[in-house]
Amino acid sequence: MLLRSPLLALLMAGGVALCPIAMAASPVRVSAEAPKRESGELAGHTYVIDLAIAPLEPGWMALRQSLDRYIATQRANFLEKVKHAAPSPLPTPWKLSLEFSVAARTERFVSVVAFGDIEPGGASPSAIIDSLTYDAKTGQMITLSDLFTDFAPAEAALASSARAQLLAKLKPGKHHRPLASDAATVRSGTEAGKGRLRMFVPIVHKDSSARGLSLIFPSRQVAADTAGPQNVDVPTAVFARWLKPEYRDAFH
């Protein structure tokens, strides 16, 4: 069974929760794939792999191929861990659960978020979260740096905005408890030039335009493991000056 909380809660709160708006504006015309389960035994350990993929349009070939490669890599890494795991008297199998959700869709972009966990033979699970973004106009996958003419200052601006928002969450607020973290962890986890800002999803407006970027941080990068993944929304104004000409009309 796929682990939906707290990872699904992340997708259903804040900027990455805007996919229902985008999907209403541009409905997907194909059905979701049936969940898949693989089970077996390797090096004396039983294992289970659960997989669920959101509906994808047939034309999104590069996106589908990227998902297939991502799944193959996660599966290979998981089975390698199973193969080299120490013997255990527990009968509980190793489990890999992965679910792919279309978290945002604009006129230009389709962003899929992968979330799930690895449960090593009954031990505490470790969370998996990742994002993949597809440029529907060019038919190519893009990374965060692909959006900008000069990524270094753009990344610094994004990191500064994310850092300020996360530092503010360290204090209790009217509608939230203090983030289970500290200033040093937040600053380290948002440091520019270190690959800290990798996962992103466009913030979708009701007119199907992107109004900024939601940056996603995996567990333990900016907060304690108990806090789970974190996301912050950065408006377009923060990074607009560095957008490539071909992407300026995609953000408002």
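Per-structure values
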read-out	value
Residue among Ala227, Ala237, Ala210, Ala192 that alone is in contact with a Phe, Trp or Tyr (Cβ under 6 Å, 6 or more places away or on another chain) and among the small types (Gly, Ala, Ser)	Ala210
Some residue of region 120-130 being in contact with a Gly (Cβ under 6 Å, 6 or more places away or on another chain), farther than 28 Å from Asp207 by Cβ and of a type in the set (Val, Ile, Thr)	yes
Lone qualifier among Leu158, Leu179 - being farther than 30 Å from Leu67 by Cβ, under 22 Å from the mean Cα position of the chain (by Cα) and among the aliphatic types (A, V, I, L, M)	Leu179
Listing of strands (runs of 3 or more DSSP E) fully contained in region 132-238 that carry 1 or more residues being of a type in the set (Asp, Glu)	230-235
One residue from Ser126, Ser111 being of a type in the set (Gly, Ala, Ser) and open to solvent by 10 Å² or more (accessible area, probe 1.4 Å)	Ser126
Pairs, first aromatic (Phe, Trp, Tyr) in region 203-229, second open to solvent by less than 10 Å² (accessible area, probe 1.4 Å) and part of a helix (DSSP H, G or I), C-beta under 9 Å, six or more apart	Phe217/Ala162; Phe217/Leu166; Phe217/Gly189
Looking only at region 140-162, and only at residues there that are hydroxyl-bearing (Ser, Thr, Tyr) and either under 13 Å from Leu197 (Cα atoms) or touching a strand residue (DSSP E or B) at 6+ places or on another chain (Cβ under 7 Å) (or both), the one that is surrounded by the most Cβ atoms within 10 Å (Cβ to Cβ)	Ser161
Subset of region 207-232 [farther than 20 Å from Asp135 by Cα and either in contact with a His (Cβ under 7 Å, 6 or more places away or on another chain) or acidic (Asp, Glu) (or both)]	Asp225
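So that you can scan it fast, the table gives a plain yes or no per residue for (1) open to solvent by less than 30 Å² (accessible area, probe 1.4 Å); (2) under 22 Å from Phe200 (Cα atoms); (3) in contact (Cβ under 8 Å) with a residue 60 or more places away in the chain; (4) of a type outside the set (S, T, N, Q):
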| site | (1), (2), (3), (4) |
| --- | --- |
| Gly44 | no, no, no, yes |
| Val48 | yes, no, no, yes |
| Ala54 | yes, yes, no, yes |
| Arg69 | no, yes, no, yes |
| Thr73 | no, yes, no, no |
| Ser88 | no, no, no, no |
| Val102 | yes, yes, yes, yes |
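The values are calculated or read from the model by the stated rules, or taken from the named source; none is laboratory data. Model, not experiment: these values are computed from the prediction. Every residue, glycine as well, gets a Cβ built from its backbone with ideal geometry; the counts of neighbours run over all protein chains shown. Note: accessible area is taken over every heavy atom of the protein model, side chains too, but ligands, DNA and RNA are not part of it. Shrake-Rupley method; radii C 1.70, N 1.55, O 1.52, S 1.80 Å.
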